[in-house]
Amino acid sequence: MNLEVDEMKTLILYYSRTGTTAKVARTLGLALDAQIAEIKCSHYRSNWLGYLIAGYDSVKGNLPPIEVPDLSWKNYDLVILGAPIWTSYAALPLRSFLSQKPDLPKRVALFLTHGSHSPAQKAVDFVSSLLPIPLEGVLDLPQSQITKDQFSDQIDGFVEKLTTPTVVT
Ligand SMILES: Cc1cc2nc3c(=O)[nH]c(=O)nc-3n(C[C@H](O)[C@H](O)[C@H](O)COP(=O)(O)O)c2cc1C
């Protein structure tokens, strides 16, 4: 069952290396009146070396250590996961989090940001394969639109999908 936005307890849990995904998390947080929490990972700095190490680890599938806030995921009605796409997959820090098999609630959604040079489906499918339940909603946004603040329509559509009650027949 879906709840109205003001009744829903929502958590946005994201990783961002250079701030793009963080910007979307903040925007979604305001739209959904949601709590925001960050997955931190000191392995990948926001410089070129960080980019190269991230790319290397992503290709190799090397999962890095992460810091995650001490929260009880099950206390939320909905958890929205967010990450950039790295080498066609969700960024490794989100994959590290999911590999810990967190006890997530029944409603989980995903947003991804990317540089528009690979389709998001591979990343979505991979995240789905790490979850015991289907994703309730997916949003992927090009970094160019986020930088120019041209993503409000997509945010509105995503929020509507997550807050519109589903009719069970
Ligand atoms: C190591 C690495 C690999 C990336 N691989 C892809 C990719 O396969 N496809 C794509 O469209 N963008 C790719 N990008 C671009 C990021 O997804 C994009 O810049 C993202 O919005 C950055 O988010 P952030 O600022 O929250 O870290 C890659 C970026 C990095 C650092």
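What follows is calculated from the coordinates using simple rules that are stated; it is not laboratory data. What you see is a predicted model, and the numbers here were worked out from it, not measured in a lab. Because the Cβ atoms are built from the backbone with ideal geometry, glycine has one as well, and the counts that use them run over all protein chains shown.
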Taking the Cα atoms only, what angle lies between the long axis of helix 152-163 and the longest principal axis of the chain, rounded to 10 degrees?
50
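What FRET efficiency would be calculated for the residue pair Q145, S99, taking the C-beta separation as r and a Förster radius of 30 Å, to the nearest 0.05?
0.50
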Paramagnetic label zone (point 7 Å from Cα along Cα-to-C-beta, S116; backbone N under 17 Å) in segment 60-98:
85
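Counting other beta carbons within 10 Å of each Cβ, put T164, T113, T18 in order, fewest first.
T164, T18, T113
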For q = 0.11, 0.12, 0.15, 0.16 Å⁻¹, Debye-computed log10 I/I(0) when each Cα of the chain counts as one equal scatterer:
-0.42, -0.50, -0.79, -0.91
Taking amide H positions as placed 1.01 Å from N in the peptide plane, with prolines and chain starts having none, which residues 5 or more places from W86, or on another chain, fall under 5 Å of its amide H?
A91
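Once you have the Cα-Cα distance between S88 and E160, take 0.36 nm times their residue separation minus that, and quote the gain in nm to one decimal.
Values: separation 72, 0.36 × 72 = 25.92 nm, distance 2.70 nm.
So the extension gain works out to 23.2 nm.
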Counting each DSSP H run of 4 or more residues in the chain as -39500 (n - 2.57), what helix-only mean residue ellipticity at 222 nm follows after dividing by all residues, to the nearest 500 deg cm²/dmol?
-10500 deg cm²/dmol
Give the angle, between 0 and 90 degrees and rounded to the nearest 10, that separates the Cα long axis of helix 20-32 from the longest principal axis of the Cα atoms of the chain.
10
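Just the Kirkwood number for segment 29-125, please: inverse of mean 1/r across all distinct Cα pairs, in Å, one decimal.
Values: mean 1/r = 0.0693 Å⁻¹.
Taking the inverse mean of 1/r over all distinct Cα pairs, segment 29-125 comes out at 14.4 Å.
Fully extended, how many nm does the chain gain between D153 and V59 (0.36 nm per residue separation, minus their Cα-Cα distance)? Could the numbers behind the result be given before it?
Working: separation 94, 0.36 × 94 = 33.84 nm, distance 3.28 nm.
Stretched out fully, the D153 to V59 stretch lengthens by 30.6 nm.
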Can you compute 3J(HN,Hα) from phi for each residue in segment 121-130, using the Karplus curve 6.51 cos²θ - 1.76 cosθ + 1.60 with θ = phi - 60°, rounded to whole Hz and x for Gly and Pro?
4, 4, 5, 5, 4, 5, 4, 4, 5, 8
Amide hydrogen neighbours beyond the local backbone of L81, cut-off 5 Å, H modeled
L13, A109, L110, F111
